[in-house]
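For reference, the structure discussed in these notes is given below.
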Amino acid sequence: MLHLKLGRVGCLLTRRAMVALTDSGARLSTHGHHEVSDQLDMSQPIYSDRPDTPLPDRPWKDVLDATDKSLKQKEKGPWSALSKEEKIALYRLKFNHTYPEMKRPSQEWKTVIGGMFFVFGFTGLVVFWQGLYVYPPQPPTFGEDWQAKQVQRMLDMRINPIEGFSAKWDYEKKQWK
Amino acid sequence: MCLEQYIIFTTYNNHVDVFSKIICMMFLYVHFSGARMVLLPRAPLASRCYSHSKVETDEEFDARWVTYFSKPDIDAWELKKGMNTLIGYDLVPEPKIVDSALRACRRLNDLASAIRILEAVKDKSGPHKDIYPYLIQELKPTLTELGISTPEELGMDKL
């Protein structure tokens, strides 16, 4: 589904949606073996940044180079010996985004509302076209003359003379009250 | 109602693509544009039926979790499982539970997870901004003892 949508090009909406899509979801980090395809290997533990899951199934960075390994060794000792930068580096080895980063607001709502209005507008055009090309001609009873004669007939018949239609007509002055 | 639905929608549908969101938002809009919002009937508190099993007290709950994290040979999986479960509950863990978890991190030589736990409990407090400072205040002795810096001290609480 993801790849199907990503394949479509041309529409501004799709482009904005692509930007929105690539922000979310689990991402591949530096992994040991070279991934042939872009697909996530669902048989392995997957990393995810989720506020409701503080400790994901695997660390962000699996493959550690020499500096990372030495830092990990230092982590086994007293943590007060670590500098702030080292602590941040250790955090970034294990996790991708911090909580504020994972909870940062996205601009996706603009795409959603914009898309909604676009669809409403398109529907409006469809409805307008329908009115021109699909609807049958209006019955004669809608015409100005017919309507006037209809009103006169209703008044002559004294339709609702007490509280309704004819009650609003002044029969002496021959005008609406 | 529309805004709530949208917020809930977007929070729990990280992997739903934008197009589905547009279509569903429109359904919601059409549904509520009738302006006929029926209040959901709620059972009055007095008549709520509890099951007859024993209800765990807060102290028992706390003690259970402190014991869980206090296991001397706790492994990484157990720490992960415990924290994820704890954060799944509708509560902010007591300082003693967090303390126990932080010490478990120390035994596992995992500073990153310790900082992550602090971030997580801050997130759990939600709009109640006074819970996290209280938690840190209670945990200060442990934090200094183990050498754990808070996310604020590391500048990681900002974007």
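Throughout, read-outs are computed from the coordinates displayed, never taken from laboratory work. Fair warning: this is a prediction, and the values are worked out from it, not measured in the lab. Backbone-built Cβ (ideal geometry, glycine too); neighbour counts: all protein chains shown.
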Q: Run down the lysines and flag those whose C-alpha is under 23 Å from the C-alpha of A:Lys110, throwing out any fewer than 8 positions away in its chain.
A: A:Lys5, B:Lys21
Q) Counting other Cβ atoms within 10 Å, which GluC sites (Glu not before Pro) in region A:85-177 have at most 12 and lie in a DSSP loop? A) A:Glu163, A:Glu172
Q: List, in order, the whole-Hz ³J(HN,Hα) value for each residue of region B:64-75 obtained from phi through the Karplus relation with A = 6.51, B = -1.76, C = 1.60 and θ = phi - 60°; use x for Gly and Pro.
A: 4, 6, 4, 4, 4, 7, 7, 4, x, 9, 4, 9
**Q.** Cα-Cα P(r), region A:39-177, percent of pairs per 10 Å interval
**A.** 8, 16, 14, 10, 10, 8, 7, 10, 9, 7, 1
Q) What does a probe at A:Asp52 reach in region B:79-99, counting residues whose amide N is under 19 Å from the point 7 Å along Cα→Cβ? A) B:80-93
Q: Name the long-range amide H neighbours of A:Trp169: under 5 Å, sequence gap of 5 or more, or other chain; modelled H, no Pro or chain starts.
A: A:Lys177
(Q) Need the C-alpha centroid separation for region A:33-83 versus region B:71-123, integer Å. (A) 17 Å
**Q.** Projected label distance in nm at B:Ser70 and A:Gln175, using a 7 Å step from Cα toward the beta-carbon
**A.** 9.6 nm
Q) Most exposed first by the Cβ proxy, i.e. fewest other Cβ within 10 Å, how do B:Ile87, A:Ile46 rank? A) A:Ile46, B:Ile87
Q: Work out from phi, with θ = phi - 60° and the Karplus expression 6.51 cos²θ - 1.76 cosθ + 1.60, the ³J(HN,Hα) of each residue of region A:65-76, listed in order in whole Hz, and give x for Gly and Pro.
A: 8, 4, 5, 4, 5, 5, 5, 5, 5, 5, 5, 6
Q) Taking Rh as the Kirkwood radius, which is the inverse of the mean 1/r over Cα pairs, what is the Rg/Rh value for region A:138-177? A) 1.05
Q: Would you kindly derive the ³J(HN,Hα) couplings of region A:152-164 from the backbone phi angles with the Karplus curve 6.51 cos²θ - 1.76 cosθ + 1.60 (θ = phi - 60°), listing them in order in whole Hz, with x for Gly and Pro?
A: 4, 4, 5, 5, 4, 7, 6, 5, 6, x, 8, 10, x
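Do any trypsin sites (Lys or Arg not before Pro) in region B:69-148 lie in a loop, going by DSSP, with at most 11 other beta-carbon atoms within 10 Å of their beta carbon, and if so which?
Of the trypsin sites (Lys or Arg not before Pro), the ones in loops of region B:69-148 whose Cβ has at most 11 other Cβ atoms within 10 Å are B:Lys129.
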Q: Within region B:68-159, list the GluC sites (Glu not before Pro) lying in a DSSP loop whose Cβ has at most 15 other Cβ atoms in a 10 Å radius.
A: B:Glu152, B:Glu153
Q | Cα convex hull volume per residue for region B:58-158 (Å³) | A | 97 Å³
**Q.** Value of relative contact order over region B:58-158, rounded to a whole percent, pairs C-alpha under 8 Å and six or more apart
**A.** 27 percent
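Quick one: A:Phe95, A:Phe120, fewest Cβ neighbours within 10 Å first, how do they rank?
Working: A:Phe95 25, A:Phe120 12.
Ordered from fewest to most neighbouring Cβ atoms within 10 Å, A:Phe95, A:Phe120 come out as A:Phe120, A:Phe95.
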